[in-house]
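Colleague: Take this structure first; my questions come after.
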Amino acid sequence: MLHLPDGPLRLLCLGAHSDDVEIGCGGTLVRLLAEHPGSEVDVMVFSGNDAREQEARAAAEDLLGDAAAVRMHFGRFRDGYFPFDPTIKDAFETTLKPLAPDVVFTHTRADRHQDHRVVSDLTWNTFRNHLVLEYEIPKWDGDPGQPNVYVPLDEAAVARKLDVLMRHFGSQRSKRWFTRSTFEGLLRLRGIEAGAAMAEAFYGRKLIL
């Protein structure tokens, strides 16, 4: 079982789109902030318009209210075109690298969405001496795999994650998969694998103890 250092943490959460962080690791963030008082969180959203940026800010304020500080960072990179935009790496090197986080949450490298994969690859380019946990996103592509890191969640953390997703991301509700039951179903499936009621799952490709 992996144990994080005692005391406050510096957490960095990377998402190609405004709802990715909440979907992929929202419950884990709630648990970490409860267990590590005084922790600070940086959230980077790489693409989006004004409306989606407002959704991300409202969701972060709601989800991360227990943090000592929350800093939001936004890019306006073109959705769906990340592999063709070399300037995305500049954001990693100039904005994100100096943050020196204890834990980095990012997309999984096996994600079929091209924007997600770029964010994952550049995460590993920039953060070579950090604990990086790759989260999963349910979607049309059908690419859930076999994760190797699990974070069991209690009912309160799950409810907070699901409430935030349903409350703040109105722009996504027209998508047939963006439902409370979708997200809860994945949490229950990963909970079975973790020997818990519900859990979030991650890929830890390199863990140094």
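Laboratory data are not the source of any read-out in this text; all were calculated from the coordinates shown. Computed from a predicted structure; not experimentally measured. For neighbour counting, all protein chains shown are included, and Cβ atoms are generated from backbone atoms with ideal geometry for every residue, glycine included.
Colleague: Sort 147-154, 78-85, 96-103 by the packing proxy (mean of other Cβ within 10 Å over each peptide's residues), most packed first. Don't skip to the end; give the middle numbers.
Modeller: On the way: 147-154: 18.2, 78-85: 13.9, 96-103: 15.8.
By packing density, highest mean first, the sequence is 147-154, 96-103, 78-85.
Colleague: Further, regarding this structure: Which ³J(HN,Hα) values, rounded to whole Hz and listed in residue order, are derived for the stretch 6-22 from phi using the Karplus coefficients 6.51, -1.76 and 1.60 in 6.51 cos²θ - 1.76 cosθ + 1.60 with θ = phi - 60°, glycine and proline given as x?
Modeller: 3J(HN,Hα) across the stretch 6-22, in whole Hz: 5, x, x, 10, 10, 10, 10, 10, 10, x, 5, 10, 5, 9, 5, 4, 5.
Colleague: Something else now. Would you kindly derive the ³J(HN,Hα) couplings of the stretch 71-82 from the backbone phi angles with the Karplus curve 6.51 cos²θ - 1.76 cosθ + 1.60 (θ = phi - 60°), listing them in order in whole Hz, with x for Gly and Pro?
Modeller: 10, 9, 10, 10, x, 10, 6, 5, 4, x, 10, 4
Colleague: Need one number: % antiparallel among DSSP beta bridges in the chain, to the nearest 5.
Modeller: On the way: 6 of 26 bridges.
The answer is about 25 percent antiparallel.
Colleague: OK, next. Please report, in whole Å, how far the alpha carbons of the stretch 1-94 spread along each principal axis, starting with the longest.
Modeller: 40, 26, 23 Å, listed from the longest principal axis down.
Colleague: I would also like to ask the following. Using modelled amide H (1.01 Å from N, peptide plane; none on Pro or chain starts), what sits under 5 Å from the amide H of V149, excluding residues fewer than 5 places away?
Modeller: Here F202, G204 satisfy the definition.
Colleague: Students often forget the sequence filter, so: which lysines lie under 20 Å Cα-Cα from K97 once same-chain residues fewer than 8 apart are removed?
Modeller: K89, K206
Colleague: Using Cα pairs closer than 8 Å and at least 6 residues apart in sequence, work out the relative contact order for the chain, in percent. Kindly include the intermediate steps, with their values, before the conclusion.
Modeller: On the way: 367 pairs, mean separation 49.5, N = 209.
RCO, the chain: 24 percent.
Colleague: Okay, next question. On a straight-distance basis, which lysines could pair with K161 in a cross-link, Cα separation under 19 angstrom, same-chain partners fewer than 8 positions away excluded?
Modeller: Counting by Cα, and skipping residues close in sequence, K161 has these lysines nearby: K139, K175.
Colleague: If you don't mind, another one. Can I get the semi-axes of the chain's equivalent ellipsoid? Compute them from the C-alpha gyration tensor as square roots of 5 times the eigenvalues, in angstrom, largest first. Let's see the in-between values first.
Modeller: Details: eigenvalues 98, 84, 63 Å².
After scaling each eigenvalue by five and taking roots: 22, 20, 18 Å.
Colleague: What three numbers, in Å, describe the spread of the alpha carbons of the stretch 144-209 along their principal axes, ordered from the longest?
Modeller: The Cα atoms of the stretch 144-209 stretch 41, 23, 19 Å along the principal axes, largest first.
Colleague: Lys and Arg at +1, Asp and Glu at -1: add these up for the other residues within a Cβ distance under 11 Å of W140 and post the number.
Modeller: Working: positive: R112, K139, K175, R176; negative: D141, D143.
That works out to +2.
Colleague: Right, here's the next one. Taking a spot 7 Å from the Cα of A68 along the direction of its beta carbon, which residues of the stretch 13-44 have an amide N less than 20 Å from it?
Modeller: Residues 13, 29-44 qualify, since their backbone N sits under 20 Å from the label point.
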